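Nothing in this text is a laboratory measurement; each read-out follows from the coordinates by a stated rule. Just so we're clear, the structure is a prediction, and the values are computed from it rather than from any experiment. Every residue, glycine as well, gets a Cβ built from its backbone with ideal geometry; the counts of neighbours run over all protein chains shown.
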Amino acid sequence: MRNTGKNITIVLNNLTVSYQDEGPENAPVIIFIHGFPFNKSMWNYQTEALKSSYRVIAYDVRGHGNSGIGNEDFAIELFVLDLIGLMDALKIDKAVLCGLSMGGYIALNAIANHSARFDALVLSDTNCIADSAETKEKRLKAIENIREFGVEEYAGESVISLFAPASGTTKPEEIAAAKEMIRNTSEQSLYNTLLALAARKETCTMLPDITVPVLIMVGEEDVITPPAAARLMQDKIKDCHLHIILQAGHLSNMENPYDFNDQLRKFVASVYENQFRHE
């Protein structure tokens, strides 16, 4: 029997996973995967906008939000196994997958290895390139700084690059929410995830093999995964549309949810309209 609500827990392979499941019983499913170091609440604007027409799932990646940390070394491949395990437990055969930043890395790996499970892919503020030596060094330095100065300082420094400059004055609630999500992530989870991100493999070479429709969205002022990274992915994917979100940085779904939701709603509707026509 399906459980619905905002903070449901389920145990999968000895790991407690926290998720929300809202929307009509037999509607198409959209699964949202959050970025680092956030949690499922970053998708609140999207779930509210879409739950009247779709079954919307947002979950906490292991070590984030209210999900457990488990005993295994973090890796993108492990996060994908958690995702597939959750889909199996919830009896979801196929879904639209939407991932932002780290969520995009997980989504790309999931599509590469479990393509039959997904109807479409939405990639937001992410890229397909593995970390450069410089970026890996920054992640290791971040671990050192968290150990020395704590999560509070890390949260304060992080939001500077996560948001567009103007959001500093126009989006105080969103910035406060992002800081709070970072503060609520344990130091061990921050270390484990930073190492997993640094070790991840590139996915650019598999992009031409994607056969489902793809929407890429990126904040116009994203300095972490800029529009150039989005265009690089678009060039390699056959059935792909790119949309630049204005007045937004790396957290485009929170900074300009109206445009983000509008594009997402149109894309998902087109996916299922086309599918219905071909059945």
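Observations, loosely collected:
- Some residue of region 197-216 being in contact with a Pro (Cβ under 6 Å, 6 or more places away or on another chain) and either surrounded by 14 or more Cβ atoms within 10 Å (Cβ to Cβ) or not in a helix (DSSP H, G or I) (or both): no
- In region 17-40, of all residues being in contact with a Lys or Arg (Cβ under 9 Å, 6 or more places away or on another chain) and among the polar types (S, T, N, Q), the one that is nearest to SER158 (Cα to Cα) corresponds to SER18.
- Condition met for MET1 (within 19 Å of GLU180 (Cα to Cα) and hydrophobic (A, V, I, L, M, F, W, C)): no
- For region 88-138, the set of residues classified as of a type in the set (Val, Ile, Thr) and assigned to a strand (DSSP E or B) consists of VAL96, VAL122, listed by residue number.
- Residues in region 140-173 that are in a loop (DSSP other than H, G, I, E, B) and surrounded by 14 or more Cβ atoms within 10 Å (Cβ to Cβ): PHE163, ALA164, LYS171.
Here is a yes/no grid of residues against (1) more than 19 Å from LEU121 (Cβ to Cβ); (2) touching a strand residue (DSSP E or B) at 6+ places or on another chain (Cβ under 7 Å); (3) in a loop (DSSP other than H, G, I, E, B):
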residue	(1), (2), (3)
ASP21	yes, yes, no
ALA27	no, yes, yes
ILE30	no, yes, no
SER41	yes, no, no
GLU77	no, no, no
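- Considering residues of region 45-77 that are closer than 24 Å to ASN256 by Cα and of a type in the set (Lys, Arg) only, the residue surrounded by the fewest Cβ atoms within 10 Å (Cβ to Cβ): LYS51
- Evaluated against (1) under 22 Å from PHE38 (Cβ atoms); (2) in contact (Cβ under 8 Å) with a residue 40 or more places away in the chain; (3) part of a helix (DSSP H, G or I), TYR258 falls short on exactly one condition, (2).
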